[in-house]
Each structure stands twice: as C-alpha cells, then as structure tokens.
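The values are calculated or read from the model by the stated rules, or taken from the named source; none is laboratory data. In this text the structure is predicted, and so the values were computed from the model without any measurement. So basically every Cβ, Gly included, is an ideal-geometry build from the backbone, and we count neighbours across all protein chains shown. Just so you know, the surface numbers come from the protein's heavy atoms only, side chains and all, with ligands and any DNA or RNA stripped out. Shrake-Rupley method; radii C 1.70, N 1.55, O 1.52, S 1.80 Å.
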Amino acid sequence: MDYSKWKIEEKAPEAERLFLGAGYAPLLAKMLSVRGIASLDEAKSFLDGGAELLADPMLLKDMDKAVPRIRRAISAGETVAVYGDYDVDGITSTCLLTDWLRSRGLRCYPYIPDRIDEGYGINDAAIESLHAKGVSLIISVDCGITAAAEAEFARKIGVDLIITDHHECREQTIPDAIAVIDPKQDECRYPNKELAGVGVALKLVCAVENESERVVARYADLAAIGTVADVVPLTGENRYIVRRGLAMLEHTSRPGLEALLRESGASERKMSSSTIGFTLAPRLNAAGRLGEVSVAGRLLMTGDADEANTLADKLCELNRRRQHLETEIWDDASGMMDGKMPSTPIVLASEKWHQGVIGIAASKLAEQYSKPTVMICLDGEKGKGSCRSYGGFNLFDALSACSEYLEGFGGHALAAGLNIKRDKLRQFCNAFNEYYEKNKPSELPTLNCDIEVTDPDILDMEGVAALGRLEPYGSGNPKPMLCISGARLERVTPIGGGKHLRLSISFRGASFECVFFSHSEAELGLRAGDRIDIAFTPQINEFRLRRSVQLQVTAVKAHDPRPLCEKILTDMPVAEASCYCPDRGAFIKSWRRLQSLGGTVAADLDGVIRQCPHGVEPERFCICLRVLCELGLLRMAAPGSVFGARIVTGCAKVNLESSELIKRLKARRS
C-alpha cells in the first residue's frame, strides 16, 4: 500500500515520564503515552483490566424484553432456533448460543443460511421451515436488524422473534419483534457500541443467567474468535474478552479447536490475535464462503476427537480451495481493469465468479487501485455484491444514498454487501460515482507512526518484549508502528521465491534485520547504500533456538532531508528536529567542512546539503549552522538568514552547551 504522507503522533512527555518512574520499559512507556493513556490507573486498566470492564448487559435496549421471553421458553421446554450468519462472527455466535440453550435442556436448531442459495440474513422460507419443525422462538445472531418484512412474516405464522445484531441500522426500518438488541440503535444506553455479533450473543446469555464472569469463563474462546475476525475495536470489554479467550485457546478443551490448531500448524505457537486472524478465521470462513458452513459449526460444537480431526482436515482443504478460487477471480478482475488507474470507484460484475470469494478479491482491488470497490456476481437477472472501502470512504452511507437502485444492502462503513437487479447496474454505478465525487476521501491514506526512534538502544530485546503487554492487537489497538528516519540500507535479499524481502539496515551504530512481505526488489526501488525512512513493527524472532529483534516492515521510502532542512534553516521546528540534536563531534566536523570550503555557507538549500560533511546527517548539519550563528561563530549575510553566512575569524572559544537552541532541543528529547 502507498501512503500520501507519514505522520508521527505527538507524544505526551509528562505521561511517559510517569510510566518510566513506575518501572515500565521505555518503549512501552512511550506507546502508552502515544495511545492517550495519561495515568497509572488507566495503564493498569488497559494492560491488566479484568471483569470490571464488563458492562451490565441489561443496559442493552430491549434486553429487558428478551430475558423473560427466553426464561419462559426454558421453563416451558419450547423448541428454539438460533439463526446466524455464515461468516466467523455469525458461526461463533450461533455455536455459542446453541450450546448454551442446549445446556439448559432445550431442543435447539442452529440455522445458518446457505451463502449461495439463500444469501445473507433472515428469509421467510427458513422461518417457515423452522416453524414446521415445531420452533416457537427464533433468536437471530449477527443478523436481522434490517429484517422488518421477515419479522412481520414470523409474527403472522405464530413464531416469536428475538433479534440480536451489531450492524448499522436505520431507525425507520427497525423490525417489529419481541426484542431487538443492537448497541447501535438510538436510545441504547449500552456503553460499548462496538460489540461484535458474538459479543451481543454473549451478553444475552449473561443477562439470562444474571451472571457475567462465569459465562465469559465458559465462552470467551468462541467470543474471542468472532470478535477478532469481525475487526471490531479491541478496547475495553472487547479487549478483556479476547484476552480471556486467547488464554483459553492455549489449552482449549474443545476438540474441534484443538484439532484445527494442530492441523493448521498453530498449536505449538503462542496464541495471539494474529493466530485467530490469520489461522483460525480464514479456515472457518472458507466453509461459509464455499457453501459448507455446517462443517465449521460442527467442528466448534463436537465433543468427539475423531470427528474433530476429520472436520479440521476438511476445513483446511476448503481453505486451500478458497485460495485457488481467489487467485482465479483476482486474475480475471485484474484483466478487466487492464492496468488502468481508475478515477472513480471500481464496480465490476461477472457471471463466472464464486460469490463466496469475491469479498477477498474486492479487498485486494481496493488496496491495489486505492479506490472503493464493488464486485458483483451475476446470476440471470439478479446480482449479489461485496463492497470494500478505501481511504475512509463510508460504504454504508454511500449505499444508503443509492438504495433506490438496490434490492437490499447491509454492513458497515468499511465493508458491506448488496443485492441488485442486472438492469439497475448502470444507474447504480452513476449514483455511486456521483456520491463518491461529493464525498471523496484523500487519494492516499496517511501512515500514522506512533514513535520515531531516535535512540536505537530502545529497540533492545527487553524493550520489544515488553510491547507484548499491549496484546491483543486489532482494530482500535493496532500493532505499534515505529519509524526510523535516515537509516542506511545495507543489504537487500529476496526471499520466498522473490515475493518477499529481507533488508539489513544500520542506524547510529546499530544494525537491524528486517522482513518486508509482499514486496519484490523491483517494487522496492532502492539499493544498498541509500538513506531511507522505514516504518515497522518490532518483534522477537526465534530461529534455531536463537532469539533476536526483527523489524516487520510496513513501508519504506527514500529519505529526503530537504523539507526538514528547510524548516530548520528558517523557523527551527524543535519538535521535529529534536532527534537531530548535534553533539560536539558533529560541530567539529561541520566547522572543519566549512573551513575547507572557504568559510562560507551556500546561498541555497541544495548547496547547503551538498556542503554536509561525511558522517553527519544534513538535518544535523543545518542545526549546527543555526547554533554557530546564534553563538556568533558565523556572521549572517542578512538578518535571520543562515544562507551565505561566513566564519568569523579570531573569535573567542564558546561553550556550545550555552546555546538556547541546544537547550530547547535537549529538553524536547528528554
């Protein structure tokens, strides 16, 4: 991904000093302050918060209606159905609630619609089918917030409906059901508006049981998988639930999860949000994408080890098939783009694509071309599409504005789905483009860096290991993004058949090994010896029993000293320049370099940079010039201008530490 600019977050030095005084490792102290944590109590809650982070489930709107209805079903021994979605959030929600209802003695049918034949959400045929089996109460999970017509149908045939969801909702279309529980509803007092669907299902069980901690202890693993997979913010109670779930996954008692972790090769590694996001979730998702969602549901609920092994093997095979289909769709869609850079959102349609896999291809296209993307599978006169955002463009609002051309839609700001008639495609494209032009985001996103590393010693084993306390990472709590400005690229080594790179860099006497995934040497466009800016996440790499600090690279660019040098020579931005505060050795080299060039500073910026002595960065050299002018060792050619300044001959020795500029730089750096 390309970035329009790199932005370094402003840290709060007071908070950082507070955390350092409390014994936190320097790198962790910096990260806590950057994340806006200002007190020791806040830090303790964020890093080690417990059950006190769980909010009262009765604060959810309509929970007071759902609880007595479910308790009545339990008392009367009714037949109940749990109606879910075919993604990981929906699958885990369905399994969690089904398992709990069965544990309370109820006959419970889990129902997840077929992605291909039925599509997303509640449908009348499914309601009628469940009613024929004797179901008197349907509880939806991770879906239903837009099912107004379906709720009316259920009411007419005598089936009670409780809806639990977490998707965006339009208040004018809230279904008329026994209860509608969605934290995004207006008038909902629940403090956490960002629960995943499985989080809402978990809170429903907590409310009926009138007990939260015991329920979390039983189902945190399923809740963690759905929460991470659905990319909701991992802060507050979401963070606590995921942390508890990861601890459960380390020694899981569920045969299905144990088999899947083993089959995927993750059982020997420490559990993290990445284990869920890159190992468990893709395999569970593959079942839903390819129309075999029951495989994932059975795996999560089975108590038989042999069945678990068979199902885990099947899921891994489905995931390999999904990868193959994804490659075919990507190649076809890329051909349709014909290498051209679009100026409007991408909308593509085809009768050849597999509906379950187009969302992944849409994500890749959005990133490749830096535009929101809609990919539509056509079947006769009907089409089903997956939408992915780019640059912060709000898809839900855009689809709402174009809804007159759609049969239906739903989702979030960043990802959504739609149904459309073939003959409405052109009108939809025009309306979508028009909305985009009026609400166009930045062409390229900004890379937000948490910390600019000025002292490489901070990246030692202890400091990097301490960052592990920030886990679990995810939306709202991303992995730390650090950057180094002006490093030297020592070596570039292609790995993985040339698909990835290993980089070696040096910076202020320290050397680091880096890995840059999904980038070739040609795409890098840099050579050994170049000065670079590099953005990365530090991690501990273990290879052949040897542990070392490794930098996982997000972006690299050629270092350009000119913008900051120009600022230093004109208005001296202390905050940006503090990392280049010169020492005595830099002053000596700078002075001798000026003497060798006749004692005069160049009259333009590029000339000043060319005068920079070997071993001193241009930014540091420019600060030296400013200080030498301040102390009277250089005489300015014009008031306030360093350009053209000349060495003052015969001047007395001065104390460099007496410079007010040096004092300000050191104060900012400390």
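Assorted remarks:
- Residue ID - nearest to GLY463 (Cα to Cα), chosen from residues in region 502-519 that are touching a His at 6+ places or on another chain (Cβ under 9 Å) and modelled with pLDDT of 90 or more: VAL515
- Residue list for region 322-336, filter: out of contact with any helix residue (DSSP H, G or I) (no Cβ under 7 Å at 6 or more places or on another chain) and surrounded by 16 or more Cβ atoms within 10 Å (Cβ to Cβ): LEU325
- Residue, modelled with the lowest pLDDT, within region 610-628, restricted to residues that are out of contact with any Phe, Trp or Tyr (no Cβ under 8 Å at 6 or more places or on another chain) and open to solvent by 20 Å² or more (accessible area, probe 1.4 Å): GLY615
- Residue check, THR98 assigned to a helix (DSSP H, G or I), touching a strand residue (DSSP E or B) at 6+ places or on another chain (Cβ under 7 Å), of a type outside the set (D, E, K, R) and open to solvent by less than 50 Å² (accessible area, probe 1.4 Å): yes
- Scanning region 95-151 for residues that are of a type in the set (A, V, I, L, M, F, W, C), in contact with a Phe, Trp or Tyr (Cβ under 9 Å, 6 or more places away or on another chain) and more than 24 Å from ALA196 (Cβ to Cβ) yields ILE127, LEU130, VAL135.
- Of all residues in region 250-268, those that are within 22 Å of GLU542 (Cα to Cα) and free of Cβ contacts under 8 Å to residues at least 40 places away in the same chain have Cβ atoms under 6 Å from Cβ atoms of residues that are part of a helix (DSSP H, G or I) and open to solvent by less than 10 Å² (accessible area, probe 1.4 Å), 6 or more apart or on another chain, in SER267/LEU261.
- For region 1-34, taking the residues that are modelled with pLDDT under 90 and part of a loop (DSSP other than H, G, I, E, B), the one that is surrounded by the fewest Cβ atoms within 10 Å (Cβ to Cβ) is identified as GLU10.
- In region 154-173, the qualifying residues are those that are touching a helix residue (DSSP H, G or I) at 6+ places or on another chain (Cβ under 6 Å) and surrounded by fewer than 18 Cβ atoms within 10 Å (Cβ to Cβ), and the one that is nearest to LEU101 (Cα to Cα) is ILE157.
- Residue match in region 157-171 (condition: assigned to a helix (DSSP H, G or I) and not hydroxyl-bearing (Ser, Thr, Tyr)): yes
- Filter pass, MET341 being surrounded by fewer than 22 Cβ atoms within 10 Å (Cβ to Cβ) and in a loop (DSSP other than H, G, I, E, B): yes
- Residue list for region 370-395, filter: open to solvent by 20 Å² or more (accessible area, probe 1.4 Å) and in a helix (DSSP H, G or I): none
- Among the residues listed as GLU213, GLU194, the single one being crowded, with 19+ Cβ neighbours inside 10 Å, out of contact with any Asp or Glu (no Cβ under 9 Å at 6 or more places or on another chain) and in contact (Cβ under 8 Å) with a residue 60 or more places away in the chain: GLU194
- Output for region 578-609, where each listed residue is under 21 Å from ASN655 (Cα atoms), out of contact with any strand residue (DSSP E or B) (no Cβ under 9 Å at 6 or more places or on another chain) and either in a helix (DSSP H, G or I) or modelled with pLDDT of 95 or more (or both): SER578, ARG584, GLY585, ALA586, PHE587, ILE588, LYS589, SER590, ARG592, ARG593
- The single residue among LEU564, LEU569 that is assigned to a helix (DSSP H, G or I), farther than 27 Å from ILE458 by Cβ and open to solvent by less than 40 Å² (accessible area, probe 1.4 Å) turns out to be LEU569.
- If the condition is being surrounded by 10 or more Cβ atoms within 10 Å (Cβ to Cβ) and either of a type in the set (Ser, Thr, Tyr) or farther than 22 Å from MET572 by Cα (or both), then region 631-656 contributes SER641, VAL648, CYS651.
- Contact annotation: residue pairs with Cβ atoms under 7 Å, 6 or more positions apart or on different chains, pairing a residue in region 511-537 that is farther than 13 Å from ALA487 by Cβ with a partner that is of a type in the set (Lys, Arg), are VAL515/ARG502; SER518/LYS499; SER520/LYS499; THR537/LYS479.
- Residues located in region 532-561, provided they are open to solvent by 70 Å² or more (accessible area, probe 1.4 Å) and either at pLDDT 90 or above or assigned to a strand (DSSP E or B) (or both): GLU542, PHE543, ARG546, ARG547, LYS557, ASP560
- Among the candidates ALA465, ALA398, ALA413, residue that is small (Gly, Ala, Ser), in contact with a strand residue (DSSP E or B) (Cβ under 9 Å, 6 or more places away or on another chain) and surrounded by fewer than 18 Cβ atoms within 10 Å (Cβ to Cβ): ALA465
- Within region 621-645, residues that are at negative phi have Cβ atoms under 6 Å from residues that are of a type in the set (Ser, Thr, Tyr) and buried (at least 21 other Cβ atoms within 10 Å of the Cβ) in these pairs: PHE621/SER590; ILE623/TYR580; CYS624/SER590, counting only partners at least 6 apart in sequence or on another chain.
- Matching residues, region 629-670, being at pLDDT 90 or above and of a type in the set (Asp, Glu): GLU630, GLU660
- From the options ASP89, ASP85, residue that is closer than 30 Å to PRO441 by Cβ, crowded, with 23+ Cβ neighbours inside 10 Å and in contact with a Phe, Trp or Tyr (Cβ under 8 Å, 6 or more places away or on another chain): ASP85
- Residue, farthest from LYS184 (Cα to Cα), within region 216-236, restricted to residues that are surrounded by fewer than 24 Cβ atoms within 10 Å (Cβ to Cβ) and among the β-branched types (Val, Ile, Thr): VAL216
- From the list ARG244, ARG289, ARG269, ARG239, the one residue that fits, being open to solvent by 10 Å² or more (accessible area, probe 1.4 Å) and at pLDDT 95 or above, is ARG244.
- Of all residues in region 101-124, those being in contact with a Cys (Cβ under 6 Å, 6 or more places away or on another chain) and either open to solvent by less than 60 Å² (accessible area, probe 1.4 Å) or part of a loop (DSSP other than H, G, I, E, B) (or both) number 2.
- Residue in region 309-317 that is within 24 Å of VAL231 (Cα to Cα), in contact with a Lys or Arg (Cβ under 7 Å, 6 or more places away or on another chain) and at pLDDT below 95 present: no
- Count of region 572-601 residues which are in contact with a Lys or Arg (Cβ under 7 Å, 6 or more places away or on another chain), under 14 Å from ARG646 (Cα atoms) and either surrounded by 15 or more Cβ atoms within 10 Å (Cβ to Cβ) or of a type in the set (Val, Ile, Thr) (or both): 1
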